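K.L.:
Take a look at the following structure, please.
No value in this document is a laboratory result; all are computed from the given coordinates. These numbers come from a predicted model, not from an experiment. Heads up, the Cβs are rebuilt from the backbone with ideal geometry, glycines too, and the neighbour counts pull from every protein chain shown.
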Amino acid sequence: MSLPADSPPPQGVDPTAPAGAATRVPLAIEDWLTVIIMALLALITFVNVLVRYFTDASFAWTEEVSIFLMIVLAMVASSAAVARGRHIRIEYFADAGPVSRQRALARLGAALVALLFGLLAVLSARVLWDDVQYGETSPGIGVPQWWYTMWLPILSLAIMLRAIGLWWRGGQPAADNPELPTSPAVRDEERAP
């Protein structure tokens, strides 16, 4: 979207700030993981529907694996949302007032997200240790429970590191790769005169 040269910047935008700061770890990692997980979920569901339709039976493992993949999907998408500054917030407060206040609130939000997911990583690591120590198995298919729980501390750490990166950039969201496709709404705004 282009603005006339004499128009003021949109509310909440610092005209001296870069459009988005670069990250050390590319956001394409989360984007590709999201695509892969969604494809796996669709494939598992499709195969289960076909098996049910043609045999009147179902794969017992599909529900357990699907639930696990949905949780991983939510965590991976949360990591990308934090890095891009699109996490949940009250925009009335976050986008109002002077740019310095907005940036301070963005940094405070990033610090709180990092604290929350750091705590979640520690607590879920304790759950992982218990699963390994006591040999817990999953209720559906009987695989070791730690196969599932090991991803919670890992992904919590990833979200925590993305939040630290957001804080380090002064609350400026990470730049999306301009070579990747964007949503139709963004493309329409870019085409508008």
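K.L.:
Points 7 angstrom from Cα along the Cβ direction at Trp61 and Ala39: gap in nanometres?
P.N.:
2.0
K.L.:
Given 20 °C and 1.002 mPa s, compute D for region 28-174 with the Stokes-Einstein relation, Rh being the Kirkwood radius over Cα pairs; round to the nearest whole µm²/s.
P.N.:
On the way: Rh = 17.3 Å.
Value of D from the Cα-based Kirkwood radius: 124 µm²/s.
K.L.:
Can you compute 3J(HN,Hα) from phi for each residue in region 50-58, using the Karplus curve 6.51 cos²θ - 1.76 cosθ + 1.60 with θ = phi - 60°, rounded to whole Hz and x for Gly and Pro?
P.N.:
Computed from phi, the couplings for region 50-58 are 4, 5, 4, 5, 8, 10, 6, 10, 9 Hz.
K.L.:
Put one equal scatterer on each alpha carbon of region 33-100, apply the Debye formula with no solvent term, and list log10 I(q)/I(0) at q = 0.15, 0.23 1/Å to two decimals.
P.N.:
-0.63, -0.96
K.L.:
Tell me, what is the FRET efficiency for Ala74 and Ile141 to the nearest 0.05, using R0 = 30 angstrom and their Cβ-Cβ distance as r?
P.N.:
On the way: r = 22 Å, r/R0 = 0.72.
Between Ala74 and Ile141 the formula returns 0.90.
K.L.:
Still on this structure: Can you give the FRET efficiency to the nearest 0.05 for Val127 and Ile29, using r as the Cβ-Cβ distance and R₀ = 35 Å? Working shown, then result.
P.N.:
Values: r = 25 Å, r/R0 = 0.71.
For Val127 and Ile29, the calculated efficiency is 0.90.
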